[in-house]
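Asker: Have a look at this one.
The values are calculated or read from the model by the stated rules, or taken from the named source; none is laboratory data. All values derive from a computational prediction rather than experimental measurement. Note: ideal-geometry Cβ built from the backbone for every residue, glycine included; neighbour counts use all protein chains shown.
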Amino acid sequence: MTNADTQPARERTLFGHPIGLTHLFTTEMAERFSYYGMTSFLILYLTKNLLLGNNPDHIIGYHAVKGALEWLYGPLSSEAVGANITGLYTGLVYFTPAFGGLLADRLLGQRITVLFGGILMAAGEFMLTQDTLFFFGLLALIVGNGGFKPNISTQVGNLYKQGDSRIDRAYSIFYVGINVGAALGPIICGGLAQSVAWHWGFFAAGVGVSLAVIWYAFALRTLPPDRITKARQSREAVTQAKLANDDWKAIGALVLLIIPSALFWMAYSQQFIGILLWAQDYTDRTFAIPGLFHFNMPSSWSQSINPVMIFAFTPLVVGLWAAQARRSREPSTIFKMAIGCALQAASFVIMAGVAWLTGPHGHAGWLWLLPFFTVFTLGELYVSPIGLALVSRVAPPQVLSLMMGLWFIAVFVGNTMGGRIGGLWSTMDKSEFFLITAAIGGAGSLFILLSFRLLKPTLERRLRTDLQPGPDVATERMATV
């Protein structure tokens with residue numbers, strides 16, 4: 001074992017975890033503030049402002065984008081164009097991480113790739129303050145996120161030695177950081193966009209991601225060497241080690257799980273399209289006490305309910321799993337994901353019921369969003385952080401960042417297709433729209449259950465190996481080549 005694979009004699013910790021986790025938590029929180037702050041009003045900005053009146057000739061590239069969409073889908077209303085652009089953007093930001101992971105694994109390393117991606121994202125947000133540069137801003141955000149997203153997530157795993165049982169808790173804590181930023185972003189960025197001016201929302205998002213880059217640069221001294229640095233310090237690079245037969249089985253299992261994960265994210269993306277448009281046009285968002293105050297909540301604030309609930313529910317869900325583990329009844333990792341997809345389907349069944357009760361011209365009370373987001377959030381907690389931890393623990397170290405990037409391909413496919421589903425909003429009965437979305441989530445759960453026997457042996461074997469104490473698994477595998 002090389003010096004690079006050993007823990008420092010005195011590890012700096014905070015609340016029982018390496019101090020680096022605090023810095024990665026803060027960096028990701030600031031970047032997610034930017035992302036979710038901007039997406040909390042993107043569809044509204046497009047349909048209520050930028051594309052309004054069908055005269056967006058001043059936007060560079062608009063006619064090329066609209067022409068491409070109509071070539072694929074036929075004539076589109078401005079609302080359908082906005083939904084598809086939103087879906088493409090929220091999809092492509094999860095497509096480029098596959099290339100960002102490969103770039104980090106093979107050439108630049110995780111640190112430089114994160115810094116490059118963060119700077120590019122900051123530039124993109126500030127471009128969005130100018131209507132003419134709208135598509136250039138989206139492009140910069142898409143490419144920048146490809147460098148940032150997979151390489152922040154994998155650095156959480158770098159903080160811990162092989163067999164350290166804290167890693168699952170670390171990813172749950174990291175996921176809380178994501179959602180603290182996601183809760184604040186819609187309130188601040190969305191509030192500024194809808195109450196002051198749209199461009200102030202983008203500016204606030206640009207400030208958020210700029211702070212993420214500055215904090216990360218400050219935190220570099222607290223982080224362990226990334227994987228490409230360790231490889232260069234070793235006689236034989238980890239990335240050059242041959243993949244064993246079991247490695248290929250693990251890769252195959254993770255790739256197969258991309259299918260139900262994509263279905264989950266296809267339904268999930270309606271939070272930013274269907275649910276946001278429902279909150280804008282079909283929800284009574286009035287807060288009032290007669291004689292005291294009257295306040296109409298910006299619809300973008302509805303996007304903060306989910307991350308606030310994640311912050312509140314994470315300790316409860318983790319505690320439930322711990323209690324189940326003590327009784328030897330904790331669901332397996334992939335069965336948790338099946339449960340999560342089923343819960344997501346149930347949440348949209350709730351919304352279908354609300355839409356049916358409200359009728360095509362009524363307005364539902366905003367409190368109806370709470371039961372929807374409660375079930376929706378529980379479903380997310382059973383899928384998203386579990387998937388991140390699964391990739392970190394199961395993927396061969398030679399291609400870890402690449403596999404993390406490929407895992408985000410599921411989000412790309414789901415969000416892109418979700419944009420297509422969202423384009424049906426203006427032409428479809430709303431209860432039917434939500435039932436279709438529920439069916440998509442339910443299909444993800446069914447797929448996992450049907451492939452359970454095929455996936456479980458490989459994944460559970462890898463997870464058991466990951467929990468075994470001993471030398472770093474990369475070193476162990478290199479020794480067998």
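Asker: Please count how many residues of the range 389-447 are under 16 Å from residue 79 (Cα atoms), hydrophobic (A, V, I, L, M, F, W, C) and not in a helix (DSSP H, G or I).
Answerer: 2
Asker: Check the range 50-68 and report whether any residue there is surrounded by 20 or more Cβ atoms within 10 Å (Cβ to Cβ) and either more than 26 Å from residue 299 (Cβ to Cβ) or at pLDDT 90 or above (or both).
Answerer: no
Asker: Kindly indicate whether any position in the range 152-166 is out of contact with any Leu (no Cβ under 9 Å at 6 or more places or on another chain) and assigned to a helix (DSSP H, G or I).
Answerer: no
Asker: For the structure I just gave you, tell me whether residue 362 is more than 25 Å from residue 158 (Cα to Cα), in contact (Cβ under 8 Å) with a residue 24 or more places away in the chain and in a loop (DSSP other than H, G, I, E, B).
Answerer: Yes.
Asker: Among the listed residues 82, 191, which satisfies the condition of being small (Gly, Ala, Ser), assigned to a helix (DSSP H, G or I), within 25 Å of residue 271 (Cβ to Cβ) and in contact with a Pro (Cβ under 6 Å, 6 or more places away or on another chain)?
Answerer: 191
Asker: List every residue pair whose Cβ atoms sit under 9 Å apart, with the two residues 6 or more apart in sequence or on different chains, where the first one lies in the range 23-52 and is free of Cβ contacts under 8 Å to residues at least 12 places away in the same chain and among the aromatic types (Phe, Trp, Tyr) and the second, anywhere, is outside any helix (DSSP H, G or I) and crowded, with 24+ Cβ neighbours inside 10 Å.
Answerer: Close Cβ pairs satisfying both conditions: none exist.
Asker: Kindly indicate whether residue 475 is touching a helix residue (DSSP H, G or I) at 6+ places or on another chain (Cβ under 7 Å), closer than 30 Å to residue 242 by Cα, at pLDDT 70 or above and of a type in the set (S, T, N, Q).
Answerer: no
Asker: Taking only pairs six or more apart or across chains, which ones have beta-carbon atoms under 8 Å, a first residue in the range 148-169 that is modelled with pLDDT under 70, and a second residue that is among the aliphatic types (A, V, I, L, M)?
Answerer: 162/473; 163/467; 165/467; 168/389
Asker: Still on this structure: Taking the stated definitions as given, is residue 121 surrounded by fewer than 22 Cβ atoms within 10 Å (Cβ to Cβ) and at pLDDT 95 or above?
Answerer: So residue 121 does not fit the description; no.
Asker: Would you check if residue 278 is crowded, with 22+ Cβ neighbours inside 10 Å, under 18 Å from residue 87 (Cβ atoms) and over 19 Å from the mean Cα position of the chain (by Cα)?
Answerer: yes
Asker: Consider the range 85-97. How many of its residues are assigned to a helix (DSSP H, G or I) and either of a type in the set (Val, Ile, Thr) or surrounded by fewer than 21 Cβ atoms within 10 Å (Cβ to Cβ) (or both)?
Answerer: Matching residues across the range 85-97 total 4.
Asker: Would you confirm whether or not the range 128-151 contains a residue that is within 15 Å of the chain's Cα centre (by Cα), in a helix (DSSP H, G or I), within 30 Å of residue 319 (Cβ to Cβ) and not small (Gly, Ala, Ser)?
Answerer: Checked against the condition, which is being within 15 Å of the chain's Cα centre (by Cα), in a helix (DSSP H, G or I), within 30 Å of residue 319 (Cβ to Cβ) and not small (Gly, Ala, Ser), the range 128-151 yields at least one hit.
Asker: If you go through the range 423-442 one residue at a time, do you hit one that is at pLDDT below 90, within 22 Å of residue 89 (Cβ to Cβ) and crowded, with 19+ Cβ neighbours inside 10 Å?
Answerer: The answer is yes, given that some residue of the range 423-442 is at pLDDT below 90, within 22 Å of residue 89 (Cβ to Cβ) and crowded, with 19+ Cβ neighbours inside 10 Å.
Asker: While we're here: Residues in the range 106-116: is at least one farther than 24 Å from residue 300 by Cβ, under 16 Å from the mean Cα position of the chain (by Cα), modelled with pLDDT of 80 or more and not aliphatic (A, V, I, L, M)?
Answerer: Among the residues of the range 106-116, not one is farther than 24 Å from residue 300 by Cβ, under 16 Å from the mean Cα position of the chain (by Cα), modelled with pLDDT of 80 or more and not aliphatic (A, V, I, L, M), which makes the answer no.
Asker: Restricting to the range 354-384, and then to whatever is surrounded by fewer than 16 Cβ atoms within 10 Å (Cβ to Cβ) and over 14 Å from residue 305 (Cα atoms), can you tell me which residue is nearest to the chain's Cα centre (by Cα)?
Answerer: 365
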